[in-house]
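Inspection log for the structure reproduced underneath, given as structure tokens.
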Amino acid sequence: MSLWIVSTHVILKGNLTLDESLKQKIKDKMRQELGPYFIPDCIIQVPDIPLTLNFKKLEVPVKKILMGGILIKQ
């Protein structure tokens, strides 16, 4: 048996903080715009998302961070 957890990472503008109220608003909007299949199990606030030179998201560093690793910028 495998366990899949769908997470969404958000970068908030200004001094906003991701609280339960904002998480619910995000989920409600996603449900309305995308459908119930796309609702994440958890929403995580991050300071930045690493990108390649072609502006593609780097999934491996994000996965390492989520598993408790440390990301070193080069």
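The values are calculated or read from the model by the stated rules, or taken from the named source; none is laboratory data. Please read these numbers as outputs of a predicted model, since none were measured by experiment. Quick note on the areas: whole protein, heavy atoms, side chains included, nothing else; ligands and nucleic acids left out. Shrake-Rupley method; radii C 1.70, N 1.55, O 1.52, S 1.80 Å.
Here are some notes:
- Cα coordinate range in the chain, projected on the principal axes (Å, largest first): 41, 39, 26
- Close amide H partners of Val10, meaning residues 5 or more places away or on another chain with modelled amide H under 5 Å apart, are Ile44, Gln45, Val46.
- Solvent-accessible area per residue in the chain equals 92 Å², computed with a 1.4 angstrom probe and all protein chains kept.
- Across the accessible surface of the chain, with the other protein chains kept in place and a 1.4 Å probe, carbon and sulfur atoms take up 60 percent.
- Gain upon complete extension [Leu58, Leu12; 0.36 nm per residue less C-alpha separation]: 14.6 nm
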